[in-house]
C-alpha cells in the first residue's frame, strides 16, 4: 500500500489536459480559455450617452446658456448629424452622442420652456454622462488572457465585444461501470441477498455538480469476460472510466484482471486509508481508469479525494476541495497505519465527526458537509486540536 500523499502525487504527475476545442461562446461557460482573445473593434464604437437627458456642446452652453432643442436620438438610432453649438437634442441611455455634442445632462436637472433647454446644474462639467468611444476596450487590445475561466461575466464581456467562438479546454467524458451481481435498481422489489444500487446515482450527481454532462452508465455482472468487454467499451467512448466494486481480491473481484486484459497500466492499487483502501488507478494512453471500492461511502470519499483533482487537470481547472484548518469538536482515537477520512459537519467554527462512519453507510454522508482527515501516524486527538477539513461542494 502507498500513502495518501503518494497516491495524489502519482495522479497529479500522470494527468495532463485534454486538447483544446473550438466552441460557440454560449457552449463554453465554466471552461478554461485556451487562447488569448483580442478586441476587433472599439467598444463602445461611438461616444454613448449613459443616461436619459439632453446632449449638447459644453462650450456652446457656456456661451448661449439657453439651447434650442432640435430633435432626439434614441438608443439604436443610426441617424448621423452634427449639432450646432447653440442647439441640444433629447437623448436616451445607450444612444450615440451626435457630432458637435460632448456632454449630456440628466433630464431631472433641466427645465424646458418654449422648446428651449435651461440647465440647472452648477456642478456640470464637460463630458458629463458620456461614455467615450473605446472606453470599455479599444480595437487590438487584449480582452481576455488564456487560462482564465469563462465565467458568466467573461461570457457576457466577450459577447459584448462581438466574440462568437472561443478555444477552450473541454470537460472530460466519463463512463461509470457498476459491477456486482447483488445489485438491484431502486424502485424494484429486493430479493434475498440483493441491495439497492446507489453508486451510479451519487457519482452522476457529483459529476453534474462539476458541470460534466457527458456521462455513460454501464453495468457488468461478476463474470470476467463481461467486465473485460464492458471496460473495453468504456475505454473506447470516454476519457475517464470509473468502476465501482470488484477491486479487492475476492473470488468475484475481476476489475484488476479486466484492466490488465484491456492494456491498462496499473499505477497503484491500495492506499493506506479508511475508507477506500482498495482504490486502483491506471492509465491506457491518455485514458484514466479508477477502480473505486464498492461501498458507497468509500466511493464518494475516493471520488472527492482523487478523482476530482484528476478531472480538474484534464479540463485545466482547479476544482479540488477547499481545505481549511479547524478545531476538532471531540476527542478521537484510532490505530496507527491508516489515514482516516471522517464524514463530518463544519459549522464555521469547529469540525464535528458524525456517527455512522462505516464505509457501507451513506446516512451520515447525506448530512455531512466536509471530510475530516486524520493522518496515518496519529493515534489520538483531543478536543480543540486542529485538523485538515475538506469542504464538500454543496
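Please give the number of the condition residue 294 fails out of (1) assigned by TED's automatic domain parsing to the domain that holds residue 368; (2) closer than 25 Å to residue 194 by Cβ.
Failing condition for residue 294: (1).
How many residues, within segment 75-91, are out of contact with any helix residue (DSSP H, G or I) (no Cβ under 6 Å at 6 or more places or on another chain) and more than 17 Å from residue 45 (Cβ to Cβ)?
8
Please work out if residue 60 is farther than 30 Å from residue 160 by Cα and surrounded by 17 or more Cβ atoms within 10 Å (Cβ to Cβ).
For residue 60, the condition - farther than 30 Å from residue 160 by Cα and surrounded by 17 or more Cβ atoms within 10 Å (Cβ to Cβ) - is met.
Would it be correct to say that residue 239 is modelled with pLDDT of 95 or more, surrounded by fewer than 18 Cβ atoms within 10 Å (Cβ to Cβ) and either closer than 18 Å to residue 287 by Cβ or outside the structural domain of residue 288 (by TED's automatic domain parsing) (or both)?
Judged against the criteria, residue 239 is not a match.
Looking at 271, 247, can you tell me which residue is surrounded by 24 or more Cβ atoms within 10 Å (Cβ to Cβ), over 25 Å from the mean Cα position of the chain (by Cα), assigned by TED's automatic domain parsing to the domain that holds residue 179 and modelled with pLDDT of 95 or more?
Only one candidate qualifies: 271.
What number of residues within segment 96-127 satisfy the criterion of being in a loop (DSSP other than H, G, I, E, B) and either more than 44 Å from the chain's Cα centre (by Cα) or touching a residue at least 60 places away in the same chain (Cβ under 8 Å) (or both)?
Total satisfying the criteria: 12.
Scan segment 25-35 residue by residue and report those that are in contact with a strand residue (DSSP E or B) (Cβ under 6 Å, 6 or more places away or on another chain) and exposed (fewer than 15 other Cβ atoms within 10 Å of the Cβ).
The answer is 35, and nothing else.
The values are calculated or read from the model by the stated rules, or taken from the named source; none is laboratory data. Computed from a predicted structure; not experimentally measured. Virtual Cβ from ideal backbone geometry, glycine too; neighbours counted across all protein chains shown.
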